[in-house]
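Q: Mind looking over this structure? Questions follow.
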Amino acid sequence: MLIRSKRLILTLVAVLTVASVSAQEPEVVVGEIAFPQHVWGMQTLPFDVTNNTDWLKFLVVETDVAFEGSYVNPHRVVRSTFILEPFTRRTVESKLEIPPNYGQLKLWLRIFDVVDTLDAPGLGTLIFEQPFTIKFHLPEMVMPYFQERITLPPLAGNHGLLDNEFARLMLLLLQENKTVPEIASICQTDTSFVTIMAEQMVSERYLKKDQNKYSVDIPIINKAYAESGRKLADRISDRLTETISANLARRRSVIDSLVSAGVYSGDSTRFVEGGTLLFRPYPLIGGLYLWQVLGQMFIIGSRTLNIFEDTDPCNAKIGPYLYLVQGGDYYNGHHYFQAQPNGGYESRFGDSIPVVVCLPGFEKAYVAREGVDWNYPSAYSPDMYLYDSTFINPMLRTIDVGVEAIQLDAMNELRKINSQFYSTDLAMATRYWFWNLTASLTLEKLVANKAVTRIGNGQYKYMEKKD
């Protein structure tokens, strides 16, 4: 009887030991992953995965690619989903996109165990991750082109086609009448990749194609043009600063006349009345006057200046407003203006270009939605202003006295500069470039002269009061 009990105990111990070993075995085993190909564009990373359980496994494989150390650091996240049957081993092919950039690339491959393939990875469990580092060296023939940074309009660099060094360089090379094979040789890539990029740019109307020859269809403002434009913007902003400062000195009398006429209470705290901006010269001048009034007239005339029409700050397909400029930020304005005609009129202005957080997959949306596919971080949350044009317009007209002649001179002088580099008239995008530079300098000088005082974080949203 005693011997049988010992045998029973030994049997139980053996069963428990086997069960313990089985519990420690990973539910999903990932095989060896080969090093990614040292090429730009889409590719696949094949590897084996094994399901050691007796139930279905739903996996999301994420490849997270980011360049670092450059003034242009594109980021790509691609997710692939797979279903793994019980006690099955299979080869999966995860998608990977390497944007065409130079410098060091960091790739993270992550695998998430989720309840359903439609789930976001964050809802699952991270069961595997592996980093890779790849270096894309700058070819010797490319180096001369990288002596000057190439910048774009505000947020246009978020567009997945233009957020990288190669795309901007390719436009410069095409402007020099380089062929696709020549560009491939200079940049040490293959002609098929250059052709793919060119065709994408044709579809976005950045390039024109005629008998397999590509030509640039957007303004490229080279360093010499940019230097001349900057000098003109400096002169024009001096004149604007002097005139606007003098006109702002009459601001109090305008408010008093509106109160006397009985159209305005004069209470700056009554937000819903729509007159708060009369007591806030900085946002009044910054977004409402320099952009909604002067910027619109200079860039597009009497039509609405809706730069992000039918797009969003992440996709930023701004069409006729797109330009490239050499020389870096010194030759590019730093104001952000976004108008949204909506029954009345809504616009957003920033005296600095806001950061925009673009969620992975936003580009698959026809028009990405704010707060869902993209958003502004809290640091860039705007102050809100409701305004009534009944008494805001008299103030704007007072500020505008003598400015029309300055704008006319600016347009004429800019046309002269443009004629030195282009045989065509001023493009809308070139006017946008020049006005952003001029408006940025003007607001800075108004602050320096103490004509206005910056308030908040420099980000404002304006909403026209509806009847």
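Q: Just one of the numbered conditions (1) surrounded by fewer than 18 Cβ atoms within 10 Å (Cβ to Cβ); (2) outside any helix (DSSP H, G or I) is not true of Asp234; which one?
A: (2)
Q: So which residues in region 339-374 are modelled with pLDDT of 90 or more, surrounded by 17 or more Cβ atoms within 10 Å (Cβ to Cβ) and of a type outside the set (Val, Ile, Thr), if there are any at all?
A: Once the filter is applied, which keeps residues that are modelled with pLDDT of 90 or more, surrounded by 17 or more Cβ atoms within 10 Å (Cβ to Cβ) and of a type outside the set (Val, Ile, Thr), region 339-374 yields Ser347, Arg348, Phe349, Gly350, Asp351, Pro354.
Q: In region 68-112, what residues are within 22 Å of Ser192 (Cβ to Cβ) and assigned to a strand (DSSP E or B)? Steps first, please.
A: The first filter runs over region 68-112 and keeps only residues within 22 Å of Ser192 (Cβ to Cβ), leaving 74, 76, 78, 93, 95-102, 105.
If the condition is that a residue be within 22 Å of Ser192 (Cβ to Cβ) and assigned to a strand (DSSP E or B), then Arg76, Val78, Glu93, Lys95, Leu96, Glu97, Ile98, Leu105 are the ones that fit.
Q: What are the residue pairs meeting all of these: first residue in region 291-314, first residue not assigned by TED's automatic domain parsing to the domain that holds Ser347, second residue surrounded by fewer than 22 Cβ atoms within 10 Å (Cβ to Cβ), Cβ atoms under 7 Å, and 6 or more apart or on different chains?
A: Qualifying pairs under 7 Å: none.
Q: So, of the residues in region 199-224 that are under 25 Å from the mean Cα position of the chain (by Cα) and part of a helix (DSSP H, G or I), which turns out to be nearest to Glu148 (Cα to Cα)?
A: Here the answer is Lys223.
Q: Continuing with the same structure: Pull out all pairs, ordered by first then second residue, where Cβ-Cβ is under 7 Å, the residues are six or more apart or on different chains, the first lies in region 445-467 and is on the phi > 0 side of the Ramachandran plot, and the second is modelled with pLDDT of 95 or more and surrounded by 19 or more Cβ atoms within 10 Å (Cβ to Cβ).
A: Gly458/Gly350; Gly458/Asp351
Q: Taking the condition within 28 Å of Tyr330 (Cα to Cα), outside the structural domain of Ala368 (by TED's automatic domain parsing), surrounded by 17 or more Cβ atoms within 10 Å (Cβ to Cβ) and touching an Asp or Glu at 6+ places or on another chain (Cβ under 9 Å), does Gly157 pass?
A: When the stated conditions are applied, Gly157 passes them.
Q: Has region 70-77 got at least one residue that is aromatic (Phe, Trp, Tyr) and closer than 21 Å to Glu27 by Cβ? Explain how you work it out, then say what you get.
A: Quick first cut of region 70-77, residues aromatic (Phe, Trp, Tyr) only: 71.
Going one step further and asking which of them are closer than 21 Å to Glu27 by Cβ, we end up with none.
Within region 70-77, none of the residues are aromatic (Phe, Trp, Tyr) and closer than 21 Å to Glu27 by Cβ.
Q: Which residue, of Ala448, Ala410, is surrounded by fewer than 18 Cβ atoms within 10 Å (Cβ to Cβ) and of a type in the set (Gly, Ala, Ser)?
A: Ala448
Rundown of residues vs (1) under 30 Å from Leu408 (Cα atoms); (2) out of contact with any Asp or Glu (no Cβ under 8 Å at 6 or more places or on another chain); (3) not assigned by TED's automatic domain parsing to the domain that holds Tyr385, yes/no style:
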{"position": "Asp163", "(1), (2), (3)": "no, yes, yes"}
{"position": "Thr179", "(1), (2), (3)": "no, yes, yes"}
{"position": "Asn212", "(1), (2), (3)": "no, yes, yes"}
{"position": "Ile236", "(1), (2), (3)": "yes, no, no"}
{"position": "Val254", "(1), (2), (3)": "yes, yes, no"}
{"position": "Gly262", "(1), (2), (3)": "no, yes, no"}
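Q: Same structure again: When the residues of region 306-328 are narrowed to those that are within 23 Å of Asn375 (Cβ to Cβ) and polar (S, T, N, Q), which ends up farthest from the chain's Cα centre (by Cα)? Reasoning before the result, please.
A: Within region 306-328, the first condition is being within 23 Å of Asn375 (Cβ to Cβ), and the residues that meet it are 306-318, 321.
So of that shortlist, the ones also polar (S, T, N, Q) come out as 306, 311, 315.
On the way: Asn306: 16, Thr311: 11, Asn315: 7 Å.
So the residue we want is Asn306.
Q: Additional query: How many residues does region 371-417 hold that are in contact (Cβ under 8 Å) with a residue 60 or more places away in the chain and either closer than 30 Å to Asn222 by Cα or over 29 Å from the mean Cα position of the chain (by Cα) (or both)?
A: The number of residues fulfilling the criteria is 22.
Q: Where the second residue is modelled with pLDDT under 95 and acidic (Asp, Glu) and the first is part of a loop (DSSP other than H, G, I, E, B) and lies in region 162-191, which pairs have Cβ atoms under 7 Å and are six or more apart or on separate chains?
A: Pairs that qualify, where the first residue is part of a loop (DSSP other than H, G, I, E, B) and the partner is modelled with pLDDT under 95 and acidic (Asp, Glu): there are none.
Q: I'd like the residue in region 387-402 that is of a type in the set (Val, Ile, Thr) and over 15 Å from Gly286 (Cα atoms) and, out of all such residues, is surrounded by the fewest Cβ atoms within 10 Å (Cβ to Cβ).
A: Within region 387-402, the match that is surrounded by the fewest Cβ atoms within 10 Å (Cβ to Cβ) is Val401.
Q: What number of residues in region 160-191 are surrounded by fewer than 20 Cβ atoms within 10 Å (Cβ to Cβ), within 17 Å of Met141 (Cβ to Cβ), of a type outside the set (A, V, I, L, M) and under 25 Å from the mean Cα position of the chain (by Cα)?
A: 1
The values are calculated or read from the model by the stated rules, or taken from the named source; none is laboratory data. All values derive from a computational prediction rather than experimental measurement. All Cβ positions, glycine included, derive from the backbone under ideal geometry; neighbour counts span all protein chains shown.
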